[in-house]
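Shown next, in structure tokens, is the structure this report addresses.
The values are calculated or read from the model by the stated rules, or taken from the named source; none is laboratory data. This one's a predicted model, so the numbers in the text were calculated from it and none came from an experiment. Heads up, the Cβs are rebuilt from the backbone with ideal geometry, glycines too, and the neighbour counts pull from every protein chain shown.
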Amino acid sequence: MRPPGSRRLALLATAVALSGCSPSEGPIDWHVSEYRGRERSWRPESTFPRPPPKPLRMLIYEVTRYPNMPATQKQREAARDLILRSTLAAERNGWFEYQKAIDDGYELIFGDKTHYAKKEYFLDDRLVDPDRPEVLMYYNTKKGKKLAGYMFYVLSHDARGPQIGGPLTVWHYHKWWEGPFCMLGGLLPIGNPDAKGECRRGTKHSTSPEMIHVWLIEHPEGRFATNMSLNHKLFVQLVQDRDRERDQSIQSPPYDP
């Protein structure tokens, strides 16, 4: 039997290893930017201003420990490796076919149209595992739903996402202003609180946990882009390009972070 707290320490060690930071480096100075596409205005989290009450239905914030830093060769290689492993896992598990994902237990997330979640993977101890992605993203086309990519989550609501590819792998979270969601495990939205403001299942939160996309198409803002609003015509073209390359070989998907 493991001593008390050993599981938590093991998970922390894994996250530290993935993020490229050793415990001896001391405190991490996290930076935050409200999402505005490629243009980011990083500020230390400790000085980040509070937004005015209910400015919008939802705001998105990106977080990093590499503000305004270029990626190293090692970080680029790690980012490329994550994309390659995700592509191979999607092929191996058959998730390029929408019905296979449904058969494997993925279900549309409450209040969403493109994110399909597997509850079992939200509640396990696996972090950024391409064979156990918490979410698969599918978009509608005339030829049915097409896989756009993965979305990985942290292990708990207040955890930090490991930046495997350094500044290339920016995580993000959502802030909701029209009331909190009830979240399974503090991670997966499963409904709204009742008239008394209580959750029969899950716990109540007005912010999401941190998450990161891994796009399996050449997203115009990069393979880890936060932006979900893809032009439909562009998406169809990107899927066609991706599938043409898959037919040739999935061993070396083109990628330039």
Would you mention how many residues in the range 119-152 are β-branched (V, I, T) and exposed (fewer than 14 other Cβ atoms within 10 Å of the Cβ)? 1
Can you name the number of the only condition in (1) modelled with pLDDT under 95; (2) among the small types (G, A, S); (3) within 17 Å of M58 (Cβ to Cβ) that S208 fails? (1)
Write out, first by first residue and then by second, each pair whose Cβ atoms fall under 6 Å of each other, whose residues are 6+ apart or on separate chains, and whose first residue, in the range 56-68, is touching a residue at least 40 places away in the same chain (Cβ under 8 Å) and on the phi < 0 side of the Ramachandran plot while the second is of a type in the set (D, E) and not in a strand (DSSP E or B). R57/E178
Does at least one position in the range 38-61 carry a residue that is more than 21 Å from K175 (Cβ to Cβ), small (G, A, S) and part of a loop (DSSP other than H, G, I, E, B)? no
Does the range 93-112 contain at least one residue that is closer than 22 Å to I212 by Cα and modelled with pLDDT under 90? yes
Inspect all residues belonging to the range 158-175 and state whether any of them is surrounded by fewer than 22 Cβ atoms within 10 Å (Cβ to Cβ), in contact with an Asp or Glu (Cβ under 7 Å, 6 or more places away or on another chain) and of a type in the set (F, W, Y). yes
Report, by residue number, each residue of the range 96-119 that is closer than 16 Å to M228 by Cβ and not β-branched (V, I, T). L108, G111, D112, K113, H115, Y116, A117
Quick one: F152 ticks every box in (1) modelled with pLDDT under 95; (2) under 24 Å from R40 (Cα atoms) bar one, so which box is it? (1)
Any idea which of G222, G197 is on the phi > 0 side of the Ramachandran plot and free of Cβ contacts under 8 Å to residues at least 24 places away in the same chain? G197
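For (1) surrounded by 14 or more Cβ atoms within 10 Å (Cβ to Cβ); (2) not in a loop (DSSP other than H, G, I, E, B), each residue gets a yes or a no:
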{"position": "G186", "(1), (2)": "yes, no"}
{"position": "K196", "(1), (2)": "no, no"}
{"position": "R201", "(1), (2)": "no, no"}
{"position": "P209", "(1), (2)": "yes, no"}
{"position": "H219", "(1), (2)": "yes, no"}
{"position": "R223", "(1), (2)": "yes, no"}
{"position": "T226", "(1), (2)": "yes, no"}
{"position": "L230", "(1), (2)": "yes, no"}
{"position": "L234", "(1), (2)": "no, yes"}
Report those helices (runs of 4 or more DSSP H) wholly inside the range 66-158 carrying at least 1 residues which are under 30 Å from N192 (Cβ atoms). 98-103, 119-122
Closer than 19 Å to L59 by Cα, modelled with pLDDT of 95 or more, among the aliphatic types (A, V, I, L, M) and out of contact with any Cys (no Cβ under 9 Å at 6 or more places or on another chain): is that true of L216 in this structure? no
